[in-house]
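The values are calculated or read from the model by the stated rules, or taken from the named source; none is laboratory data. Model, not experiment: these values are computed from the prediction. Cβ atoms come from the backbone with ideal geometry, glycine included; neighbour counts cover every protein chain shown.
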Amino acid sequence: MIEFKNKILFVGYGAVAECTLPILFKHIKVPAKNVTVMDFENRAAKLKQWTSKGVRFVRDRVTEENMGTLLAKHVGAGDLLIDLAWNIDALEILQWCRDHGVLYINTSTELWDPYASGPNAHPTTKTLYWRHMNLRRMIAKWEGKGATAVIEHGANPGLISHFVKQGLLDIGASLIAEKKVKGAKAEKIAQLSAELSFNHLARELGVKVIHCSERDTQITDQPKQVDEFVNTWSIEGFREEGTTTAEMGWGTHEKQLPKLAYQHKDGPRNQICLARMGINTWVRSWVPDYTIHGMVVRHGEAFTISDKLTVWDGKKAVYRPTMHYAYCPCDEAIASLNEMRGYNYKLNENQRIMNDEITGGADILGALIMGHDYNSWWVGSDLSIEQSRKLVPHQNATTMQVAISVVAASMWMMENPAEGIRVPDELPHDYILKTAMPYMGRWISKAKDWTPLQNRETVFKGYNKPDLDLKDPWQFKNFLLTDDAG
Ligand SMILES: NC(=O)c1ccc[n+]([C@@H]2O[C@H](COP(=O)([O-])OP(=O)(O)OC[C@H]3O[C@@H](n4cnc5c(N)ncnc54)[C@H](O)[C@@H]3O)[C@@H](O)[C@H]2O)c1
């Protein structure tokens, strides 16, 4: 347990924060009276067991107008701000925290009004890539690192970056142990692994594509009602990221841009985006032990992982894997999305995040690393609702994976308080995984002989024309579900 004598402010007390607070007290010795929770909704009843111990609840809303004055009432130099709200402008709050020496963590990079640019704005301006470039421009003007701020450190983005690193090391070790690689190649893999040189290691292993593949199998005996959106985490957050452009880290092995693709003009140009919603862009993926259809919902990991795994030769990217999310949410959310499509993407007013009404299932979340000698390798967490409830009662497996990640990164920040802005890939994966492991349920890291071309027979063979590359299974077009593939 580490000790923290300063103050902690939670902004937002929704699904993730509710799960984070008890875990924080398990791992960090901080007086309850030093912790303040802020939410514009009345969370007093939910917080009773904590406020009775000294935690303070403040009912207020952080807005563009009041941000500085409101935050200054609760945190100052050396304190920690945990941002688990939605739609607080990341650049503005990061600048404020830097100016005031406040440690800061969030789980996604957001804007005051993500819908402000309207439908006519160019797709590239709607991307997370765009937000990251603005962030880089802001940081470039700073002198010195400043107080540590970790951005996008939930489950995905967040833990997934550490899963990928662990997976690359495991693939290398397994290839060597099974003598599938020998001689100079085995030595090189061992050396790159020892140096934690992950971009060169990924290249040496032959990795072409990485999915953050997730299947949420949590089910309930209280099904979604007509006109109700049901999910296992933020409904507003899901709608925001799901109804905008699908974004992908774009691999150097890809031969052809997909339809509706747009490229960026500046920065590392490691991503593309589609003029098509993430929730309507479906790909084949795999979780232990079956194929899933997942959605390319845009996420920070598609930017940071593909950026950090790029190998550069001067200004030319000579190696980079394709990287994106392949999300198959819980059945209630799939039904909710389908209803929302019919409503032309207007969000239902009735919303429910499932907790105690969950009757079974798990959140299976990991990295599917593809293109190497095993074809595929899956590394990650299979956390059942029963295991999750034993860790923290009344929470679900999805928020648990996010919450432990927030706590693990907060601990790292307390021990490293002057590191400036960091993305998950810039934190030590072994430190985070060591803290997170007891919360991962069944930890899986194993090979699977899977490619997206397997079992891809179509019902109308000879009458339709699926656009597949049968010579190279790792082309994006082989993953993408299209109308002409049956
Ligand atoms: N990286 C990940 O793995 C991951 C996973 C889940 C959620 N998230 C993100 O974490 C955040 C929280 O998710 P959640 O599931 O707890 O959402 P939630 O909707 O359940 O809770 C958010 C809470 O914040 C409050 N809030 C929103 N804006 C506020 C503001 N300006 N001031 C004060 N309170 C405010 C809301 O009233 C709500 O109670 C979201 O941004 C979501 O996108 C990230």
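Could you pull out the residue among ASN416, ASN344, ASN350, ASN338 that is surrounded by fewer than 21 Cβ atoms within 10 Å (Cβ to Cβ) and under 30 Å from GLN454 (Cα atoms)? Outline the logic, then answer.
Details: ASN416 fails: under 30 Å from GLN454 (Cα atoms); ASN344 fails: under 30 Å from GLN454 (Cα atoms); ASN350 fails: under 30 Å from GLN454 (Cα atoms).
None of the others qualify; the one that does is ASN338.
Pull out all pairs, ordered by first then second residue, where Cβ-Cβ is under 8 Å, the residues are six or more apart or on different chains, the first lies in the range 391-416 and is without any contact (Cβ under 8 Å) to a residue 24 or more places away in the chain and in the same structural domain as LEU103 (by TED's automatic domain parsing), and the second is small (Gly, Ala, Ser) and more than 13 Å from the ligand (Cβ to nearest atom). Listed by first residue and then by second, the contacts come to nothing, as the list is empty.
Which members of the range 60-109 meet the condition of being of a type in the set (Ser, Thr, Tyr) and either more than 22 Å from GLU41 (Cβ to Cβ) or out of contact with any helix residue (DSSP H, G or I) (no Cβ under 7 Å at 6 or more places or on another chain) (or both)?
THR63, THR69, TYR104, THR109
Within the range 427-486, count every residue that is over 24 Å from TYR327 (Cα atoms) and of a type in the set (Asp, Glu). Final tally of qualifying residues: 1. In the range 235-275, the qualifying residues are those that are hydroxyl-bearing (Ser, Thr, Tyr) and within 16 Å of the ligand (Cβ to nearest atom), and the one that is surrounded by the fewest Cβ atoms within 10 Å (Cβ to Cβ) is THR243.
Mind counting the residues in the range 150-201 that are aromatic (Phe, Trp, Tyr) and touching a Lys or Arg at 6+ places or on another chain (Cβ under 8 Å)? Before you say what the answer is, go through the steps one by one.
Going through the range 150-201, the residues aromatic (Phe, Trp, Tyr) turn out to be 163, 198.
Going one step further and asking which of them are touching a Lys or Arg at 6+ places or on another chain (Cβ under 8 Å), we end up with 198.
Counting residues in the range 150-201 that are aromatic (Phe, Trp, Tyr) and touching a Lys or Arg at 6+ places or on another chain (Cβ under 8 Å) gives 1.
Sub-6 Å Cβ pairs linking a first residue in the range 1-26 that is touching a residue at least 12 places away in the same chain (Cβ under 8 Å) to a second residue that is among the charged types (D, E, K, R) and more than 6 Å from the ligand (Cβ to nearest atom), at least 6 apart or interchain, are MET1/LYS29; GLU3/LYS29; ASN6/ASP79; LYS7/ASP79; VAL11/ASP83; TYR13/ARG43, ordered by first then second residue. Here GLN218 passes the criteria (1) farther than 26 Å from ASN199 by Cβ; (2) modelled with pLDDT of 95 or more; (3) within 13 Å of the ligand (Cβ to nearest atom) except the one numbered (3).
Residue-by-condition table, conditions (1) farther than 24 Å from ALA397 by Cα; (2) surrounded by 15 or more Cβ atoms within 10 Å (Cβ to Cβ):
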{"position": "GLU3", "(1), (2)": "yes, no"}
{"position": "PHE10", "(1), (2)": "no, yes"}
{"position": "TYR13", "(1), (2)": "no, yes"}
{"position": "VAL35", "(1), (2)": "yes, yes"}
{"position": "LYS53", "(1), (2)": "yes, no"}
{"position": "THR63", "(1), (2)": "yes, no"}
{"position": "GLY78", "(1), (2)": "yes, yes"}
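Please report, ordered by residue number, the strands (runs of 3 or more DSSP E) entirely within the range 9-106 with at least 1 residues that are under 26 Å from ARG137 (Cβ atoms) and more than 9 Å from the ligand (Cβ to nearest atom).
Details: elements: 35-39, 56-59, 80-83, 103-106.
Counting at least 1 such residues, we get 80-83, 103-106.
For the range 421-431, a residue qualifies if it is in a helix (DSSP H, G or I) and within 13 Å of the ligand (Cβ to nearest atom), and exactly one does: PRO424.
Does SER405 satisfy the criteria of being under 22 Å from ALA15 (Cβ atoms), outside any helix (DSSP H, G or I) and modelled with pLDDT of 95 or more? Talk me through it step by step, then tell me what you get.
Working: under 22 Å from ALA15 (Cβ atoms): yes; outside any helix (DSSP H, G or I): no; modelled with pLDDT of 95 or more: yes.
So SER405 fails the test.
Condition check ((1) in the same structural domain as LYS448 (by TED's automatic domain parsing); (2) modelled with pLDDT under 95; (3) not acidic (Asp, Glu)) across all residues:
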{"residue": "HIS74", "(1), (2), (3)": "no, no, yes"}
{"residue": "ILE93", "(1), (2), (3)": "no, no, yes"}
{"residue": "ALA116", "(1), (2), (3)": "no, yes, yes"}
{"residue": "THR125", "(1), (2), (3)": "no, no, yes"}
{"residue": "VAL164", "(1), (2), (3)": "yes, no, yes"}
{"residue": "ASP170", "(1), (2), (3)": "yes, no, no"}
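From the list ASN199, ASN231, which one is assigned by TED's automatic domain parsing to the domain that holds GLN271, within 13 Å of the ligand (Cβ to nearest atom) and in contact with a Ser or Thr (Cβ under 9 Å, 6 or more places away or on another chain)? Give the derivation first.
Details: ASN199 fails: within 13 Å of the ligand (Cβ to nearest atom).
Just one listed residue meets the conditions, ASN231.
Okay, residues lined up against (1) small (Gly, Ala, Ser); (2) not assigned by TED's automatic domain parsing to the domain that holds THR109:
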residue	(1), (2)
TYR129	no, no
MET133	no, no
ALA173	yes, yes
ALA184	yes, yes
LEU192	no, yes
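The listed residues are MET323, MET295, MET248, and the only one of them that is under 24 Å from ASN396 (Cα atoms) and of a type in the set (A, V, I, L, M) turns out to be MET295.
The requirement of being in a loop (DSSP other than H, G, I, E, B), farther than 30 Å from LEU175 by Cα, touching a Gly at 6+ places or on another chain (Cβ under 6 Å) and more than 16 Å from the ligand (Cβ to nearest atom) is fulfilled somewhere in the range 408-420, by at least one residue.
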